[in-house]
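Asker: Got a structure here, written out as structure tokens. Questions coming.
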Amino acid sequence: MNKYKKIATAVVATVMAGTMAFGIAGCKNRGDNGDDTDGDKTRVTLRLNVGDSNARRAVSFHSDILAGNVTLPDGKQYGSSSLKPAWQALSDELEINFENVFQNRSSDAQITTAINQNELANYDLLTGSGAQIINAANGTWVNLAEHLDKMPNYKAFLEANPIVYLSLTSNTTNGAMYYAPYFDGNDDIEKYALAKREWVRAILDADDVSAATTTYKEQVQAKTAINNKLTMSPTSAAVEAFMGTTGTWKVDTTDPSNPSKTVKLVVNYNAANAAAKDDTTPLGIAVKAAAGKGYNGNSGNIVDLMNFAINEKAGVVTGEQLIKILQAYIDVAYQTDAGAKFYATRSDVFNSASAAWDADLLAAMYRCVVTSMNLFDDATKAKGLGDLFALSGRQATTQRCVDIVAFVGELYGIRGLESRYEYTYFDNENKVKDARQNPATYDALAKMSAMAKEGLLYTGEKLVNGHASYASSDSIQTFMMHDYVQTQTQAGFNTETQGLNLTQDGVVSSGALEYDFAPIVTPVSKWSVDGTNTQIMRFTESWRAVKNTGFCVPAAAVGNDQNKLNAVLKLIDYLFSNDGQILMTYGAQSTNGNTNPNGWWYATEATGVNLDTVAEKHAGSDQYHVKDSYAGQYFIYKNKVYSGTPYNGRQIPTITDANRNFYYGKEVNGFTQGVGNAKVNRRFNYTDYAREYIGACLPIGNKDQGFEYQATSACGLDGASIVATALNNGSIQHLMQDTTGLSDWYRLVPTTFPFDTAAKNILNGTSMTKLTGTYFLNNSKTDVSRINMFIGLAFHGYDTNVDLCYIESEGKMLANAQGYIDKIGNLINQRVALAQAAWEGLLTLDII
């Protein structure tokens, strides 16, 4: 475990006098009339403006979820305005009443509207944008840093996660902390490269691929009418080689014989070039068959070999011919350190923990995918060439297309494209940098546009969504996304209308292949850690930390009410305790076990185990939590030792069968999602199921990934396990909280920075807000009739015939990287200088 400095005394020196009474008086259950009193003892009621931009996603039910009384999987009956199960259990546990006053606003508007309309006195707890919370005037919120000693569990959590504490610090002069965080998991990979692994096997492992008869030209032409803003390339190749053309490069990859260790894998361009020129080798034969002549180029890169064939035949090259080139290339170019063939099974170059694909091999695979639809499942074939793409966002919106921009960073070795705070990152000297200052950023995004020109990348021009499961009338079919494992690997999309065979774990079979959309390892690329030299490695910026939303305590409502303040602090501390994390992730425990459950999860209580041996307490806390050395055997809840479900090297609660069945759309206790009084159907949509039926996963507290893990499809779990293997043995590098012994380049950037009043005035000025509102808009949930500069580059490259951001008044897109830097450079440089000053202020707090 990493060792961190204790939170500096100076930061919490202004702790209020007195000790909070954690045992707030009151009974654990209100009477049927909802009275807040028990004899002469008054129970505190907190008004919670807590939710996620939709009335259904609040702490209590809404008539859009439950039209009347429904018995949920915990065996308890709830009505259309009842507290949701997790919040009722929390109310009972803390002896605090909760009133739902959620205003159904976006995260920014939750804060700004409440302030502008003088509503803050109406709310005791408020969720919203962390940046907007920090942006408010001093005195607007209760300073939580003054009360950390009254929240021992929360304080211990911050001490173990110093970048979290820095992300929450609102004022570097006094160390004020005006909001508490929301975590959708912490210190773990967030988004993955997701691919249809069954298509990889169909392309790379089959001897007979003769059914792949579509030509490169045909599939591009089929998409020309769709992508009407694009300059398409049906008769010549647009993608260019990136990783190299001659010589070799090496990378550490998982040892196939011992996954806990790594071995060197070599990509040998010279060997591939020699084989391609020799028409007696499988590679030479394949290139000549596709091109109609022998190869005469100097490059051994797969992209150049395919480009030769495509250009020689003016695009009339079939999927079968491209596949044969790719298969033979993998056999000869991917070698062990001793020069032998590395992959016994070709699909392992993408699908295994030993995978070593890069931007070039991916482009080659993409070309094979879009020309080989007849190798795939019936639903794909039914859609047609114009709907088959290799890469897309999951929705045709700016909010989801930014995931393509993030993927560009992993493919081409660009820092900052999936930053926790806009596009910022640290260099190896702990200085704040911005990807928008870097010419290589723009050039990398322009490289991606070549894939759009070849019909590989879906740009959303049809304004329909991308689905990697089974196609429907309002979606295109895609091979790959960069996204979350749980929400995107489920096969529940449109299965009823497609007549597919859906099993409980989400596996679908249709036609010749079984659905297998899953994470694959991060791509190999060239990264510059020291700012000059490049090194070949896998690296991901997509790392779970503080979300950009959190929750705060309005001073107008709570600051002068000691009872409410005590209740709020008690609530916050419990959310970040061992028990609180479990309750607000999984819901209440079933004390009946898995049969006729009276809760949402169960576990087996361990016997003959000494609690003090396997668990310990945080200073000042009355709760135990399991020691790291025993996490693989037990977990603790309410100071009892349990074993449950193994997950990521630890034990977690096991969701009940009733919970799982209801989630999968089966009838439980006489009710089914989407039928009768249970109005909402959140089948296979874990996040909305948790938010709307249980009350978990709302933007407050520290959600554990264990519930999400158990709601993930079998193929998704398998892929995530493979990626975890590569993360654990070090063959995938990633961001981290602590960079002891490593370059600061690896350090997580805080999710928000504590800007002073002068800096806020600059950042809120018209010129600066145009950066986020126009040039780098990233939160539109409507459609890509609006794009930002980066998405525009990924779609169109340096095409000066296209309107910048699809806005005519903004003029045309620019011709090169320097043009973009000249246009926005002064604004970006100013932002970086302000962030650097704020970061230096944070460093004076001596937290890291």
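Asker: From the square roots a ≥ b ≥ c of the eigenvalues of the alpha-carbon gyration tensor of the stretch 242-327, which class results: rounded (a/c under 1.5), prolate (a/b over b/c), or oblate?
Answerer: Prolate, since a/c reaches 1.5 and a/b exceeds b/c.
Asker: Express the accessible area of the chain per residue in Å², computed with a 1.4 Å probe while the remaining protein chains stay in the model. Numbers along the way, then the final one.
Answerer: On the way: 29880 Å² over 848 residues.
Normalised by residue count, the accessible surface of the chain is 35 Å².
Asker: Still on this structure: Rank by packing, highest mean first: peptides 107-115, 641-649, with packing defined as the count of other Cβ atoms within 10 Å averaged across residues.
Answerer: Ranked by mean Cβ neighbours within 10 Å, highest first: 107-115, 641-649.
Asker: I've got another one for you. How much of the pair distance distribution for the stretch 692-848 lies past 21 Å, counting alpha-carbon pairs only, in percent?
Answerer: Numbers: 8344 of 12246 pairs.
For the stretch 692-848, the fraction of Cα-Cα distances above 21 Å is 68 percent.
Asker: Still on this structure, please answer the following. Taking 0.36 nm per residue of separation and subtracting the Cα-Cα distance, what length does fully extending THR345 through ALA833 add?
Answerer: Value of the extension gain: 170.6 nm.
Asker: What does the net charge come to around PHE61 if you take all other residues with beta carbon closer than 12 Å to its beta carbon, with K and R at +1 and D and E at -1?
Answerer: Neighbour charge sum, excluding PHE61 itself: +3.
Asker: Related question: Tell me the angle of helix 282-291 to the major Cα principal axis of the chain, expressed in degrees between 0 and 90 and rounded to the nearest ten.
Answerer: Its long axis makes an angle of about 80 degrees.
Asker: Using alpha carbons only, how many angstrom separate the centre of the stretch 654-697 from the centre of the stretch 339-401?
Answerer: 33 Å
Asker: Continuing with this model, one more query. Mind ordering 149-162, 207-220 by average Cβ neighbours within 10 Å, highest first?
Answerer: Ranking, from highest mean packing down: 149-162, 207-220.
Asker: Nearest 5 is fine: what % of DSSP beta bridges in the chain come out antiparallel, could you say?
Answerer: Given both bridge residues lie in the chain, the antiparallel proportion sits at roughly 75 percent.
Asker: Just to confirm the number: angle between the C-alpha axis of helix 107-116 and the first principal axis of the chain, 0 to 90 degrees, nearest 10?
Answerer: So the inclination is approximately 40 degrees.
Asker: Oh, and also: In whole Å, what are the Cα extents of the stretch 266-404 along the three principal axes, biggest one first?
Answerer: So the three principal-axis extents are 45, 35, 27 Å.
Asker: Given +1 on the Cβ of Lys and Arg, -1 on the Cβ of Asp and Glu, and no further charges, what dipole in debye does the chain carry about its Cα centre, rounded to the nearest 20?
Answerer: Details: 71 positive and 87 negative charges, 134 e Å.
In debye, rounded to 20, the chain gives about 640.
Asker: Here's another thing I want to ask about it. Would you mind telling me the share, in percent, of accessible area of the chain contributed by carbon and sulfur at probe 1.4 angstrom? Walk me through the numbers before you get to the answer.
Answerer: Working: 12980 of 29880 Å².
Whole-percent figure for carbon plus sulfur exposure: 43.
Asker: Take the cross-link list LYS570/LYS640; LYS617/LYS666; LYS570/LYS627; LYS217/LYS293; LYS547/LYS638 and give me the ones stretching past 30 Å between alpha-carbons.
Answerer: Distance filter (> 30 Å) returns LYS617/LYS666.
Asker: Semi-axes, largest first, in whole Å: what does sqrt of 5 times each Cα gyration tensor eigenvalue give for the chain?
Answerer: 47, 30, 26
Asker: Same structure, new question: Can you put PHE426, PHE242 in order of accessible area, largest first, using a 1.4 Å probe?
Answerer: From most accessible down to least: PHE242, PHE426.
Asker: If we sort 684-696, 793-805 on the protection proxy, mean other Cβ atoms within 10 Å, highest first, what's the order?
Answerer: Highest to lowest by the protection proxy: 684-696, 793-805.
Asker: When Lys and Arg each count +1 and Asp and Glu each count -1, what net charge do the other residues less than 11 Å away from ASP279, Cβ to Cβ, add up to?
Answerer: Values: positive: LYS277, LYS288, LYS293; negative: ASP278.
Here the count lands on +2.
Asker: Another question about this same structure. Between LEU843 and ALA137, what FRET efficiency comes out of the Förster formula 1/(1 + (r/R0)^6) with R0 = 30 Å and r the beta carbon distance, rounded to 0.05?
Answerer: 0.75
Asker: What number do you get for the stretch 699-738 when its Cα radius of gyration is normalised by 2.2 N^0.38 Å, N = residues?
Answerer: Here the answer is 1.43, to two decimals.
Asker: Follow-up. Could you tell me how many degrees, from 0 to 90 and to the nearest 10, lie between the Cα long axis of helix 319-333 and the main elongation axis, the longest principal axis, of the Cα atoms of the chain?
Answerer: Computed tilt is about 80 degrees.
Asker: State whether the stretch 183-335 is rounded, prolate or oblate according to the following rule on the C-alpha gyration tensor (a ≥ b ≥ c being the square roots of its eigenvalues): a/c under 1.5 gives rounded; otherwise a/b larger than b/c gives prolate, and the remaining case gives oblate.
Answerer: Oblate is the answer for the stretch 183-335, as a/c is 1.5 or above yet b/c matches or exceeds a/b.
Asker: So for the stretch 108-150, considering every pair of alpha-carbon atoms, how many percent are separated by more than 12 Å?
Answerer: The share of Cα pairs beyond 12 Å in the stretch 108-150 comes to 62 percent.
Asker: Could you tell me the extents of the stretch 549-664's C-alpha atoms along the three principal axes, largest first, rounded to whole Å?
Answerer: Extents along the principal axes, in whole Å: 47, 38, 26.
Asker: Counting DSSP beta bridges in the stretch 47-132, what percent are antiparallel, to the nearest 5?
Answerer: Close to 50 percent.
The values are calculated or read from the model by the stated rules, or taken from the named source; none is laboratory data. As the structure is a prediction and not an experimental result, all values here were calculated from the model. Note that each Cβ is placed from the backbone with ideal geometry, even for glycine, and that neighbours are counted across all protein chains shown. Side chains included, ligands, DNA and RNA excluded: accessible areas come from the protein's heavy atoms. Shrake-Rupley method; radii C 1.70, N 1.55, O 1.52, S 1.80 Å.
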